[in-house]
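Input: a single structure, listed below in structure tokens.
Here, each number is a calculation from the coordinates, and none is a lab measurement. In this text the structure is predicted, and so the values were computed from the model without any measurement. Positions of Cβ are generated from backbone atoms using ideal geometry, with glycine treated the same way; all protein chains shown enter the neighbour counts.
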Amino acid sequence: MSAVVHQQREVRRARYAVAAVFAVHGAVTGSFATRVPWIQDHASVGAGQLGLALAFPALGASVAMPLAGGVSHRFGARTALRGLLALWTLSLALPSLCPNLLTLCLALFVYGASAGMADVAMNALGVEVENRLGRSIMSGLHGMWSAGALVGSAAGTLAAHLGSDARLHHALAAGVLTVLGLLACTWVLDLQPGADEEPPPRFALPPKSALLIGAIGFCAVFAEGASLDWSAVYLRDRLETSAGLAAACTTGFTLTMAVARIAGDRVVDRFGSVRTVRASGVLAVLGGLLVVVAGHPAVAMGGFALMGLGIAVVVPLCFAAAGRSGPNPSQAIAGVATITYTSGLIAPGAIGGLAQAAGLVVSFGLVTLLACGLAAFAGVLRAGDRGRPRVSPRSAAVPDPRP
């Protein structure tokens, strides 16, 4: 019995540890985002050049994420995550050091590549912990990422308000987050490849199963990127609100997503991934319709809140389903992550281009149409429900006996 209790404690501890890793990962993103104006001024780049530079994190992530499985196989999951997360946290200090466009693009490529590989490693460990616990935790883990991003953003906002040099701010933040990340990694599961397990290819294209699951994630991330980057503009330009109210809409959207993710695991455990995503898709469509027809700021803000509530749990469930869809979880997760990163890369530009040609209402009509795909194609996540073990609470935390 003592061995079982020890195993239960180990998995519970690993759950909290990987949650802390997600929060650290999110805090890096929040810390960077708030100092982009300072970085732009320091590098002496215009708006168009900054837009080009900000495409490089997604490009770096897309190139590097397929490599994450090989790193984990070679060094083991815990050591790989420890190294990749430290690389990600330390890379926070790079962009603020760049004096021109070329160095900024290179720094952001490294920043994105390290982010993507750490993302794959921590999601793979999250899926493994979820499997061993026998209940959904992925939505809550992504909620911790959102919470970390909010904390990083708050600290960055304070630093910007005080007029601090972003080089000093990011150097201090990188040091603190690196220490916290390394401490958290001490208690994650130490998964090692089996003696007869074939190493994954050094660079592998996403498997077919990941393409179908990734399509669901693509729709959700497109709606998320469009809402984050354009909700304030929509209220200001379309509904002629004040800058403060427009900014509050974006903040409300972010908070809605964070709260929904933290609370989403109970819903998933009760109704399953497929029904949850179908219902989420309906909410997102209703939210999009409210945005499109809104004649008053309150209606539009309610629409964006509904959209955030509808898409919040979709990406975590896509990662969970990918991790159970085949024999190589890291490869499948990397494939889904690559597709979702690509969606996040093209969404803001696509919305902007369509808005210039036909107006913001048409742009969010496209977002609403894509949200219909969540409800229509949620069935591809059924593999995740089949793979999730159903166990009693007494034995829920007993880990898999595999090394």
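The distance linking segment 292-355 with segment 163-194 is 26 Å (Cα centroid to Cα centroid, whole angstrom).
Sequence-distant contacts, meaning Cα pairs under 8 Å at least 6 residues apart, place the relative contact order of the chain at 26 percent.
Could you tell me what fraction of 2.2 N^0.38 Å the Cα radius of gyration of segment 7-189 comes to, as a two-decimal ratio?
That ratio works out to 1.04.
Counting beta carbons within 10 Å around each of Arg13, Arg78 and listing the fewest first gives the order Arg13, Arg78.
In summary, the helical segments of the chain meeting the span-like criteria, namely a full DSSP H run, a Cα extent along the axis of 20 angstrom or more and a mean Kyte-Doolittle hydropathy of at least 1.0, are 101-133, 166-185, 208-233, 243-293, 297-311, 360-376. Summary: within the chain, the longest segment free of GluC sites (Glu not before Pro) located in DSSP loops with at most 16 other C-beta atoms within 10 Å is 1-196. Considering only Gln40, Gln192, Gln49, the mean-square fluctuation computed in a Gaussian network model of the chain, springs between alpha carbons under 10 angstrom, is largest for Gln49. Panel values: the chain, Kirkwood radius from alpha carbon pairs, Stokes-Einstein at 10 °C and 1.306 mPa s, translational diffusion coefficient 74 µm²/s. Taking the number of Cβ atoms within 10 Å of each Cβ as an exposure proxy, the fewest-first ranking of Ile311, Ile216, Ile339 is Ile339, Ile216, Ile311. Rounded to the nearest 0.05, the FRET efficiency derived from the C-beta distance between Ala3 and Asp229 at R0 = 60 Å is 0.70.
Residue exposure proxy: Tyr16, Tyr341, ordered by other Cβ atoms within 10 angstrom of their Cβ from fewest to most, comes out as Tyr16, Tyr341. Taking 0.692 mPa s as the viscosity and 37 °C as the temperature, the Stokes-Einstein diffusion coefficient of segment 205-386 based on its alpha-carbon Kirkwood radius rounds to 203 µm²/s.
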